[in-house]
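The following block contains the structure, expressed as structure tokens.
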Amino acid sequence: MNQQETPAALILIFGATGDLAKRKLFPSLYRLYRKGSLSDQFAVIGTARRDWTNDTFRQHVKEAIADSTKQLEQLDAFISHFYYQAHDVSDSSSYRSLKALADRLDDTYSLQGNRLFYLAMAPEFFGTIADHVKADGLTDTNGYNRLVIEKPFGHDLPSAEKLNQQIRQSFEERDIYRIDHYLGKEMVQNIEAIRFANALFEPLWNNRYISNIQVTSSETLGVEERGRYYEKSGALKDMVQNHLMQMVALLAMEPPIKLSTDEIRSEKVKVFRALRPITKENVDQYFVRGQYGSGEIEGEPVKGYRQEVNVDPQSNTETFVAGKLMIDNFRWAGVPFYIRTGKRMPSKSTKIVIQFKDIPMNLYYQPDQPLAPNLLVIHIQPEEGITLHLNAKRAGQHLLTNPVKLSYANNSVDGMNTPEAYEKLLNDALRGDATNFTHWDEVALSWRFVDVISDYWEMKQAAFPNYEAGSTGPKAADELLEKDGFFWWPLSTLEVDVCN
Ligand code: BG6
């Protein structure tokens, strides 16, 4: 095995005919294979209800890969590792046949009993599958048995607790890999390097020098064909409880004593523990919700959320959330972390803006006016990089300054595309590195935080729709910052020439 190679493994994908497997898992496995990260000692069993043959499945995988890339070297060799078995998730005999196939492939490919169970399907089956794979002997091997589980992990704290208890009957916490695909994004992983590998930032990374932090993840897409799921979820559970809170934890955590899974997770947990709890009395002070009405995206008319397929025409579900998180610890006391996410906004963009405090006095022209504050912008997507906003002397004028930007484009440095989040996360799970997956404690604490807000919102009918598709969200989201003397840095002014 070369150093980059993952150990031999059997990957069992439950929900293998679904969208996630097609768009993310097959192309990611293929990229790992082409790069030599996946050795020849691997096999994939796809399962789902449909009555497919191995050949139908292989053809499906092939098409999924051809849709994702033009580089198709070694595709046939790769595909030959794929097997399919029709499966009924609640029937033990189905698992026994699966076990027979798994044991056979274990011998054929010398897989050393290593098994990765990837649940790429509706969450209501997670518990049942975890129960069966253990009870029906699929985990009786000499190798590792890991469970990779997609979001949503529950829909509130009690349901998450129940699911967790159920899967813990079959898998140890250290063998459970809860996916939050934002943690696989290159620039989200880069937050730690920016903070902990630079003498420049860490000394300033606190309430003495930072005035506020803004995390925005905006999308132009609407709810598409996911109305049924989204109606029960909304932006708070779909994006805030996981992706946005995870980014906040990485921005706010103390330096871990080393960059190991346990140390990083334990620092993130401390951030969640320090979050100022929201109560139902003060939700409106800290959180704002929105739902898009009809409008225009890139010049094209689009319908409102309530007119989307599988959405209640009176829906009270939010497609936009803005919030203010306070982290009541020594480092962050008094520094608001503003978060914002929404569908049908003007651009697809995830950015973090760290706004530094104004300098004590302005020696330049207009001494009574502060200079533009220094900003550190972390571009998560679609561009990847960082920009530092500074002030510099205007040429020829000794009393005037100009704003200048120092930009670093992450993905134009070595000319290669950064690996997709799923590619990295699959690679990590195969290698046994759980750092970029969420620990149960993080999941529980973040549900506890958002549950109060969602319970309150469920009880109160909102005056929806309250923002036009293609706009930056409801007015109340701007007021949330205005009352603190801040404003959202307009994403369009933060764009830089970093290429994708
Ligand atoms: C998913 C949400 O977790 O993240 C989707 O369920 C959302 O609603 C998506 O569109 C956004 O991910 P990305 O990587 O496109 O920013």
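Being away from the ligand (no atom under 16 Å from the Cβ), in a loop (DSSP other than H, G, I, E, B) and either over 23 Å from ILE194 (Cα atoms) or open to solvent by less than 90 Å² (accessible area, probe 1.4 Å) (or both) is the filter here; which residues of the stretch 347-358 pass it?
Listed by number, the list holds a single entry, ASP358.
Here's another thing I want to ask about it. Answer yes or no: is there a residue in the stretch 390-410 that is part of a helix (DSSP H, G or I), more than 15 Å from the ligand (Cβ to nearest atom), closer than 25 Å to TRP205 by Cα and within 32 Å of the chain's Cα centre (by Cα).
Yes; the residues of the stretch 390-410 include at least one that is part of a helix (DSSP H, G or I), more than 15 Å from the ligand (Cβ to nearest atom), closer than 25 Å to TRP205 by Cα and within 32 Å of the chain's Cα centre (by Cα).
Moving on. What is the residue count in the stretch 106-118 for residues that are assigned to a helix (DSSP H, G or I) and surrounded by fewer than 17 Cβ atoms within 10 Å (Cβ to Cβ)?
2
Could you list, in sequence order, the residues of the stretch 308-334 that are more than 24 Å from the chain's Cα centre (by Cα) and touching a residue at least 12 places away in the same chain (Cβ under 8 Å)?
GLU308, VAL309, ASN310, VAL311, ASP312, SER315, ASN316, ASP328, ASN329, ARG331, ALA333, GLY334 - these are the residues of the stretch 308-334 that are more than 24 Å from the chain's Cα centre (by Cα) and touching a residue at least 12 places away in the same chain (Cβ under 8 Å).
Among the residues of the stretch 185-207, which ones are part of a loop (DSSP other than H, G, I, E, B), open to solvent by 10 Å² or more (accessible area, probe 1.4 Å), touching a residue at least 24 places away in the same chain (Cβ under 8 Å) and more than 16 Å from the ligand (Cβ to nearest atom)?
Listed by number, the residues that qualify are PHE201, ASN206, ASN207.
Go through (1) assigned to a helix (DSSP H, G or I); (2) among the hydroxyl-bearing types (Ser, Thr, Tyr); (3) within 13 Å of the ligand (Cβ to nearest atom) for SER159 and report which single condition fails.
(3)
When the residues of the stretch 157-183 are filtered to those that are among the polar types (S, T, N, Q) and touching a Ser or Thr at 6+ places or on another chain (Cβ under 9 Å), which remaining residue is surrounded by the most Cβ atoms within 10 Å (Cβ to Cβ)?
SER170
If you go through the stretch 468-484 one residue at a time, how many are over 24 Å from ILE297 (Cα atoms), assigned to a loop (DSSP other than H, G, I, E, B) and in contact with a strand residue (DSSP E or B) (Cβ under 9 Å, 6 or more places away or on another chain)?
Residues flagged as over 24 Å from ILE297 (Cα atoms), assigned to a loop (DSSP other than H, G, I, E, B) and in contact with a strand residue (DSSP E or B) (Cβ under 9 Å, 6 or more places away or on another chain) within the stretch 468-484 amount to 1.
Restricting to the stretch 27-67, what's the tally of residues that are of a type outside the set (Gly, Ala, Ser) and assigned to a loop (DSSP other than H, G, I, E, B)?
Qualifying residue count for the region: 9.
Can you name every residue in the stretch 67-80 that is surrounded by fewer than 13 Cβ atoms within 10 Å (Cβ to Cβ), out of contact with any Pro (no Cβ under 9 Å at 6 or more places or on another chain) and not polar (S, T, N, Q)?
Correct list: LYS70, GLU73, ASP76, ALA77.
Does LEU98 count as at pLDDT 95 or above, in contact with a Ser or Thr (Cβ under 7 Å, 6 or more places away or on another chain) and not in a loop (DSSP other than H, G, I, E, B)?
Considered against the rule, which asks whether it is at pLDDT 95 or above, in contact with a Ser or Thr (Cβ under 7 Å, 6 or more places away or on another chain) and not in a loop (DSSP other than H, G, I, E, B), LEU98 comes out as yes.
Now for a separate question. Suppose the filter is free of Cβ contacts under 8 Å to residues at least 40 places away in the same chain and open to solvent by less than 20 Å² (accessible area, probe 1.4 Å); does ILE129 pass it?
No, not satisfied.
Just checking, how many residues over the stretch 243-262 are more than 12 Å from the ligand (Cβ to nearest atom) and either within 22 Å of ILE378 (Cβ to Cβ) or buried (at least 22 other Cβ atoms within 10 Å of the Cβ) (or both)?
Number satisfying all stated conditions: 11.
Confirm whether VAL240 is within 20 Å of ALA477 (Cβ to Cβ), touching a residue at least 40 places away in the same chain (Cβ under 8 Å), more than 9 Å from the ligand (Cβ to nearest atom) and assigned to a helix (DSSP H, G or I).
yes
Another question about this same structure. When both residues are 6+ apart or on different chains and their Cβ atoms are under 8 Å apart, which pairs have a first residue that lies in the stretch 252-272 and is modelled with pLDDT of 95 or more and among the basic types (Lys, Arg), and a second that is surrounded by fewer than 18 Cβ atoms within 10 Å (Cβ to Cβ) and assigned to a loop (DSSP other than H, G, I, E, B)?
ARG265/THR435; LYS270/GLU254; LYS270/ASN329
Take the residues of the stretch 217-232 that are outside any loop (DSSP other than H, G, I, E, B) and either modelled with pLDDT under 95 or away from the ligand (no atom under 11 Å from the Cβ) (or both): which is least open to solvent (accessible area, probe 1.4 Å)?
Among residues in the stretch 217-232 that are outside any loop (DSSP other than H, G, I, E, B) and either modelled with pLDDT under 95 or away from the ligand (no atom under 11 Å from the Cβ) (or both), the one least open to solvent (accessible area, probe 1.4 Å) is GLY227.
If GLY143 satisfies all but one of (1) open to solvent by less than 60 Å² (accessible area, probe 1.4 Å); (2) assigned to a helix (DSSP H, G or I), what's the number of the condition it fails?
(2)
Of the residues that make up the stretch 369-392, is at least one open to solvent by 90 Å² or more (accessible area, probe 1.4 Å), at pLDDT below 85 and not acidic (Asp, Glu)?
yes
The values are calculated or read from the model by the stated rules, or taken from the named source; none is laboratory data. None of these values were measured; they are calculated from a predicted model. Cβ: placed from backbone, ideal geometry, glycine included. Neighbour counts: every protein chain shown. In case anyone asks, the SASA skips ligands and DNA or RNA and just uses the protein heavy atoms, side chains included. Shrake-Rupley method; radii C 1.70, N 1.55, O 1.52, S 1.80 Å.
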